[in-house]
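Note sheet for the following structure.
The values are calculated or read from the model by the stated rules, or taken from the named source; none is laboratory data. Since we're looking at a predicted model, the values are computed, not measured. Every residue, glycine as well, gets a Cβ built from its backbone with ideal geometry; the counts of neighbours run over all protein chains shown.
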């Protein structure tokens, strides 16, 4: 059964991404296909993709495994001075080949990518499940107290709702964004710089964000097809919204909002490189 599903995932990757050279693009798409194979709900699929995209360490490990498996060319010079190029197989490649051979699986690039994506999907799904809040038993002796708290806190629900900010920035500025990510915190100077490089922005709720966020997958840029017009979306989770991030505000209010961003931001994520049209999934407005 698994081998049949593996072949289906591999064939779908081959049909939908015939000319892509981007490992990240393949992995991203393969996760979606695996989730569809096991009828995983869309919101859970989104959480798995978000989990994978959030941790650079997972992507680094993924690339390392792939590079360790991938055959490589080695040049040798014989006693006559002639250079001969030969294809070399790594130890990991030979190990995978022996395992795949027992299961009648071809040791191809797409198969190894599909296996890696399956592992990421399984771990991401398990992580999502264990992080779900467990239902608390109702204490009948405190029913009245519970009802009182329910009523008294109902007026605070709006303040609990999460606020999200999306910045649309040029792909040429991504090194600066990544430097903030590595540093682990944002300062006032970073806020000033973000104001300068942001083309468009959007402020809204988590539900609207999740509804539109993964529709942008079709705009992923493959390796070798980069353009000077490519963009990244930077997703900020905020403690609270700020009027300065809303549309139709003056320059001073907008600038002040970016200066206050270090105190408002809880965390942020960076999208893969995207075609410029990707931001049309959100009702962005000029910075």
*asked:* What's the number of the only condition in (1) more than 17 Å from the chain's Cα centre (by Cα); (2) without any contact (Cβ under 8 Å) to a residue 40 or more places away in the chain; (3) surrounded by fewer than 16 Cβ atoms within 10 Å (Cβ to Cβ) that residue 283 fails to meet?
replied: (2)
*From 195, 200, which residue is over 29 Å from residue 42 (Cα atoms), modelled with pLDDT of 90 or more and not in a loop (DSSP other than H, G, I, E, B)?*
195
*What tally of residues in segment 226-262 results from selecting those that are in contact (Cβ under 8 Å) with a residue 12 or more places away in the chain and not in a loop (DSSP other than H, G, I, E, B)?*
19
*Is one or more of the residues making up segment 219-226 buried (at least 17 other Cβ atoms within 10 Å of the Cβ) and modelled with pLDDT of 90 or more?*
no
*Flag for residue 34 being surrounded by 12 or more Cβ atoms within 10 Å (Cβ to Cβ), modelled with pLDDT of 85 or more and either in a helix (DSSP H, G or I) or within 15 Å of the chain's Cα centre (by Cα) (or both)*: yes
*Wholly within segment 95-192, helices (runs of 4 or more DSSP H) carrying at least 2 residues that are at pLDDT below 85 and surrounded by fewer than 10 Cβ atoms within 10 Å (Cβ to Cβ)*: 143-154, 157-160
*Do we have residue 59 as without any contact (Cβ under 8 Å) to a residue 40 or more places away in the chain and closer than 20 Å to residue 219 by Cα here?*
yes
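A quick yes/no check of all residues on (1) more than 30 Å from residue 184 (Cα to Cα); (2) more than 17 Å from the chain's Cα centre (by Cα):
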{"site": "40", "(1), (2)": "yes, yes"}
{"site": "43", "(1), (2)": "no, no"}
{"site": "47", "(1), (2)": "no, no"}
{"site": "50", "(1), (2)": "no, no"}
{"site": "54", "(1), (2)": "no, no"}
{"site": "60", "(1), (2)": "no, no"}
{"site": "67", "(1), (2)": "no, yes"}
{"site": "70", "(1), (2)": "yes, yes"}
{"site": "77", "(1), (2)": "yes, yes"}
_Just to be sure I understand the filter: pairs with C-beta atoms under 8 Å, separated by 6 or more residues or on different chains, first member in segment 88-100 and closer than 15 Å to residue 72 by Cβ, second member assigned to a helix (DSSP H, G or I) and modelled with pLDDT under 85. Which pairs pass?_
89/97; 90/68; 92/68
*Of the numbered conditions (1) crowded, with 17+ Cβ neighbours inside 10 Å; (2) over 18 Å from residue 56 (Cβ atoms), residue 206 satisfies every one except a single condition; which is it?*
(1)
*touching a strand residue (DSSP E or B) at 6+ places or on another chain (Cβ under 6 Å) and either within 29 Å of residue 223 (Cα to Cα) or not assigned by TED's automatic domain parsing to the domain that holds residue 177 (or both) - does that describe any residue in segment 240-251?*
no
_Subset of segment 37-49 [outside any helix (DSSP H, G or I) and either surrounded by 19 or more Cβ atoms within 10 Å (Cβ to Cβ) or not assigned by TED's automatic domain parsing to the domain that holds residue 12 (or both)]_ = 40
